[in-house]
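The values are calculated or read from the model by the stated rules, or taken from the named source; none is laboratory data. What you see is a predicted model; the values in this text were computed from it and never measured. Positions of Cβ are backbone-derived with ideal geometry, glycine not excepted, and every protein chain shown enters the neighbour counts. In case anyone asks, the SASA skips ligands and DNA or RNA and just uses the protein heavy atoms, side chains included. Shrake-Rupley method; radii C 1.70, N 1.55, O 1.52, S 1.80 Å.
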Amino acid sequence: MAAELPIPVFTSLDQALPDLKTAAAELIRYTNLVDEYTQRFGHKPTYIARAPGRVNLIGEHIDYVLFGAFPAAVERDILIACGPSVSSASPPEPSSPGSVNAHNLDAKYAPQAFAPMLKNAGPTDVEKADADATVHAESAWHLDINTRELRWESYVKAGYYGVLNHFFSQPGQNGHPVPVDLLFTGSVPSGSGLSSSAAMVVASTLAFLAVNEKVNGLTKGKLVEMAMENEKRAGVNSGGLDQAASVICTPHSAIYVTFFPSLAAEPIPLPTPRTTPKAVFVCANSLVVSDKLVSAKYHYNLRVVETLVGARVLARRLGISLTDSERPTFRVILARWLGTDEANFSVEHLKAGIERFLPEVEKLRPAREGHEAGEEGVTMAEMIEWSGLSPEQFNQVYLSWVEVEATYFQLYKRARHVFAEALRVLEFRDVCLRAQDEFVPEDTLAALGALMDASHESCSTLYDCSCPEVDVLVRIAKDAGAYGSRVTGAGWGGCTVSLVAEDKVEEFIGKVKAQYAPYKDLTEEKLREAIFATKPSAGAFILKLDD
Ligand code: NG1
């Protein structure tokens, strides 16, 4: 299984990037990073940790519900040159255990220095009110992470947290973390839906693991779990899609990644056959920056709560019994409704199960007099009543760990998106698998494109995670000849992904550039950053540098 493989540690770049052309171009980037690091810190780095961004081809906002998604790693990535700090003072000054100097090649991210603190007491007041209070309570180490605003070092600290508390939880007995110097560079545009945040957290986690010599014996799956836990500390209750893609993906393939009953990933080669038409994926940035952290309470985290409450209400209406403290997801409710043993549950069974379940989603439809059925969401009071919990219990289970803001909560619309999108992912996987050994006729690409279009429509109208600019960009992409086009990632701005015939890519990109108004004033360089064709790239790795 892809998730059980060890984290790759390479000793030369051509091992890491087998495509020689790519390796040659990247070599310059890596060399610059090492030179700059040496100049800034007065010693050479010992490793480079690398984690790519990802493009989610289909399966949006269903990872935290524990349904599978279908991402591929992109070539754009985060690189961190790293090594143990060497004090220039003579005799060396004692630095606090595990202190960090984090610099970024991009001057807009100011250098940061911080050190973790050892906690002997129980959780702080802030942590008591936190979702992960139990995790925090056991933590021996603490780092201040500002979850109210977007700060680049928050992701570095988030990556460090897991390493500290997994490997140095009993200071003295299992040693102390070493002081570290880090230099970052990145090519994943932030706030664009290509998962720069997960790439930052995965790369940071890897860098701290490498410098502390903790990589041996770790599987990719373990790294995904650590990165997922770490990223939550930066303030968004995300699923594992991005971290899994960044860590597990391989060149030429997407992965079908699932989270229930536990993390699993299956590489699925994309239909780029020997015969025409070959297809590529084009990412186009709407240039609407969606700040996930700042908007979490009425966007991302609100969706997490709406789906969780929706799952409880649906379960009650289906006669599935739940304890008061349980917080099952839609995927778990489906499993209970089907009454199956998940360990032996095939993809075919899952598909058939979702198809059978879809009509049951109608049980969430709020029908009220005076409103068109299904149009209206529900108020907090209604939600509490439907949940069957007391207001105190409801608050404890669904709200005490997260801040959300809404007048109406859309349980029905969100559920419709989730189950139909989960089915589309399985259909997308089927089409890719069928196309593998066969000639890929035009209709294979048309079938994939149609699924992408349907996904976008659902994101836009049922999940409300698109925005007018992204909708315009999708329409322009379709008019410019894309087989399919959709918002990718969390949405509310960010990027679209379009499936385009390879021999038409230049023409396609030219048309979109000419027609999407926000691109009109961009320089050529900015345009190349905003819209580009991408091929599935390698997942995260560590490059061990010569002494
Ligand atoms: P972005 O914001 O595109 O990195 C987010 C979540 C994913 C997933 C998608 C929507 C984070 C780190 N990632 O991705 O887990 O839920 O939205 O499918 O928040």
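Dividing the mean sequence gap of close Cα pairs (under 8 Å, 6+ apart) by how many residues the chain holds gives a relative contact order of 24 percent.
The calculated FRET efficiency for Val178 paired with Asn146, based on their beta-carbon distance and R0 = 30 Å, is about 0.75. Using the Cβ of Val215 as centre and a radius below 14 Å, the other residues enclosed give a net charge of +4, where K and R count +1 and D and E count -1.
Cβ-Cβ distance of Thr461 and Asp546, R₀ of 45 Å, FRET efficiency by 1/(1 + (r/R0)^6): the value works out to about 0.25. Phi angles of the stretch 465-472 translate, via the Karplus equation with coefficients 6.51, -1.76, 1.60 and θ = phi - 60°, into HN-Hα couplings of 10, 9, 7, x, 5, 5, 4, 5 Hz per residue; Gly and Pro are given as x.
Calculated FRET efficiency, Leu5 to Ser321, Cβ-Cβ distance, R0 = 35 Å: about 0.30 to the nearest 0.05. Ser12 contributes an accessible area of around 40 Å² to the protein surface, as traced by a 1.4 Å probe with all chains present. The label-point distance for Arg40 and Asp443, in a model that sets each label 7 Å from Cα toward Cβ, rounds to 5.5 nm. The phi-based Karplus calculation (6.51 cos²θ - 1.76 cosθ + 1.60; θ = phi - 60°) puts the 3J(HN,Hα) values of the stretch 206-212 at 4, 4, 5, 4, 5, 5, 8 Hz, whole numbers, x for Gly and Pro.
Straight Cα distances below 28 angstrom link Lys513 to the lysines Lys21, Lys108, Lys278, Lys292, Lys478, Lys504, Lys526, Lys535, with same-chain residues fewer than 8 positions distant left out. Gain on full extension, evaluated as 0.36 nm per residue between Val86 and Ala24 minus their Cα-Cα distance, stands at 19.2 nm. Using C-alpha pairs under 8 Å with a sequence gap of at least 6, the mean separation divided by the residue count of the stretch 293-413 gives a relative contact order of 40 percent.
When the Kirkwood hydrodynamic radius is evaluated over all pairs of different C-alpha atoms of the stretch 293-413, what value in angstrom, to one decimal, is obtained?
Working: mean 1/r = 0.0650 Å⁻¹.
When all Cα pairs of the stretch 293-413 are included, the Kirkwood radius is 15.4 Å.
The H on the amide N of Gly484, modeled in the peptide plane, is under 5 Å from the matching H of Leu499, each at least 5 residues off or on a different chain. Normalised per residue, the accessible area of the stretch 293-413 is 47 Å², obtained with a 1.4 Å probe and no contribution from ligands, DNA or RNA. Here Lys520 is the anchor, and the lysines within straight C-alpha reach of less than 16 Å, apart from those fewer than 8 places off in the same chain, are Lys511. Mark the label point 7 Å from the Cα of Val472 along Cα→Cβ and return the residues of the stretch 516-547 whose backbone N is within less than 11 Å of it. Under 11 Å, as judged by backbone N against the label point of Val472, lie 516-520 of the stretch 516-547.
Label separation (Ala367 vs Asp479): 4.1 nm, computed from points 7 Å beyond Cα along the C-beta direction. The spacing between the stretch 269-334 and the stretch 478-534, judged by their C-alpha centroids, is 24 Å.
Only Cα pairs under 8 Å and 6+ residues apart enter the sum, and on that basis the relative contact order of the stretch 177-263 stands at 26 percent. Beyond 35 Å, what share of the Cα-Cα pairs of the chain is found? Please give it as a whole percent. Considering the chain, 36 percent of its Cα-Cα pairs are separated by more than 35 Å. In order along the stretch 347-358, phi translates into HN-Hα couplings of 4, 5, 5, 4, 4, 4, x, 5, 4, 5, 7, 3 Hz, rounded to whole numbers, per the Karplus curve 6.51 cos²θ - 1.76 cosθ + 1.60 with θ = phi - 60° and x for Gly and Pro. Distant-in-sequence amide contacts of Gly489, defined by a placed amide H-H separation under 5 Å and a gap of 5 or more residues or a different chain, comprise Asn56. The distance between label points at Val294 and Gln170 comes to 4.5 nm (points 7 Å beyond Cα on the Cα→Cβ vector).
With the full set of protein chains in place, find how many percent of the accessible area of the stretch 293-413 is carbon and sulfur; take the probe as 1.4 Å.
47
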